[in-house]
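Taking it in order: structure first as structure tokens, then the write-up.
Just so it is clear, none of the values below were taken in a lab; they were calculated from the coordinates. Note that the coordinates shown come from a computational prediction; the quantities given were computed from them, not determined experimentally. In this analysis, Cβ positions are derived from the backbone assuming ideal geometry, glycine residues included, and neighbour counts consider all displayed protein chains.
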Amino acid sequence: MIKAKNHTKIVAILQKHNYDSTNLQCIGTGKEGQIFETEKLIFKYFPDKKIIPETTLNFIKEHILGNQEIQGLRRITDILETDTELVFVSPNMHCSPYKGGDEIGTLHILKDAHKNGYVHTNFKPDNLMYSEGNVLELIDVGRDVVPLTDALFKNMVERAFLTTYYSDSPQLAKMMSALHTENRNIDEMQLRNYSQKLCLILGDEHE
């Protein structure tokens, strides 16, 4: 178990909102905050709520929170707030890690994003898990979940492509960073084939 300096703070928030904090453990720390779990729930704790722009938080509240139509993101069932902090609440389900190569899984996440009007701007292997039912989903919901635009969706597609075929490459981070440069280290023909498969899937939405 990871010792978390914010354990007391999140316990106070959970108790205020009538959540059971028994056996609450910190299971990870990231750039935005910390991840805690109990037997039934996952809590993503943001010690500084300003890390998520207000427009992004409002989008998550209005379009992501409680939306059971969304299949490509970890489900958010509640958002707890103080004047300075945030907690995102999700079900604690048995999950298994993503190991790369799942073209069907990444394409279906892209279809889900397009259908539901969101983009995840940090699509990468570390942010993917298989939930119950072996459904691939993005698990890191925070400032990287924003409204869909053509440009942002194009970037999400390219990052999903790299995540599918190059997840084990030691150069993956550099390849991701180079997507917007003239030095793209990417198989453009393979990317076109991947994008064409996505277009066929997106076409099914409208039939």
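Counting Lys and Arg as +1 and Asp and Glu as -1, what is the net charge of the other residues whose Cβ lies under 14 Å from the Cβ of TYR118?
Working: positive: LYS61, ARG74, ARG75, LYS111, LYS115, ARG143; negative: GLU62, GLU69, ASP112, GLU137, ASP140, ASP144, ASP150.
Result for the neighbourhood of TYR118: -1.
Describe numerically, in nm with one decimal, the distance between label points set 7 Å from Cα along Cα→Cβ at HIS17 and at THR149.
2.9 nm
Show that you can apply the helix-only estimate: for the chain, add -39,500 (n - 2.57) for every DSSP H stretch of four or more residues, divide by all residues, and state [θ] at 222 nm to the nearest 500.
Details: 6 runs with 70 residues, N = 207.
Counting only the DSSP helices, I get -10500 deg cm²/dmol.
Cross-link candidates for LYS115: which lysines have Cα within less than 18 Å, leaving aside residues fewer than 8 places away along the same chain?
Leaving aside lysines fewer than 8 places away in the same chain, those within reach of LYS115 are LYS61, LYS154, LYS197.
So for segment 55-207, taking the charge dipole from beta-carbon charges (+1 Lys/Arg, -1 Asp/Glu), which of THR84, ASN185, ILE70 sits furthest toward the positive end?
ASN185
How far is helix 103-116 tilted, in degrees, relative to the longest principal axis of the Cα atoms in the chain, given as a value from 0 to 90 rounded to the nearest 10?
70 degrees
Roughly how many whole Å is it from the C-alpha centroid of segment 147-199 to that of segment 131-145?
If you average the Cα positions of each part, the centres end up 19 Å apart.
Among residues other than TYR130 whose Cβ falls under 10 Å from its Cβ, what is the net charge (Lys/Arg +1, Asp/Glu -1)? If you can, show how the numbers build up before the last one.
Working: positive: LYS99; negative: ASP102, GLU132, GLU137.
Net charge in that neighbourhood comes out at -2.
So for each of 88-96, 36-44 I average, over its residues, the number of other beta carbons within 10 Å; can you give me the resulting order with the highest mean first?
Details: 88-96: 15.4, 36-44: 18.1.
For the peptides 88-96, 36-44, the packing ranking is 36-44, 88-96.
Using a simple charge model, +1 on the beta-carbon of Lys and Arg, -1 on the beta-carbon of Asp and Glu, nothing else, what dipole does the chain show about its Cα centre, in debye to the nearest 20? The partial results should precede the final answer.
Numbers: 23 positive and 29 negative charges, 116 e Å.
Using only the charged Cβ atoms, the result is roughly 560 debye.
Would you mind counting up the charge near THR55? Only other residues with Cβ under 14 Å from its Cβ, with Lys and Arg at +1 and Asp and Glu at -1. Spell out each step's value before the answer.
Numbers: positive: LYS49, LYS50, LYS61, ARG143; negative: GLU54, GLU62, ASP144.
Its environment carries a net charge of +1.
Pick out, from PRO97, VAL135, LEU107, the residue whose Cα sits farthest towards the positive end of the charge dipole of the chain, with +1 on the Cβ of Lys and Arg and -1 on the Cβ of Asp and Glu.
So the residue furthest toward the plus end is PRO97.
Hey, how many Å between the Cα centroid of segment 50-105 and the Cα centroid of segment 1-43?
Computed from Cα coordinates, the inter-centre distance equals 16 Å.
GluC sites (Glu not before Pro) within segment 93-169: which are DSSP loop residues with at most 11 other Cβ atoms inside 10 Å?
Numbers: sites: GLU103, GLU132, GLU137, GLU158; in loops: GLU132.
Qualifying residues, ordered by number: GLU132.
Between rounded, prolate and oblate, where does segment 96-205 land on the alpha carbon gyration tensor, with a ≥ b ≥ c its root eigenvalues, rounded for a/c under 1.5, else prolate if a/b exceeds b/c?
Rounded.
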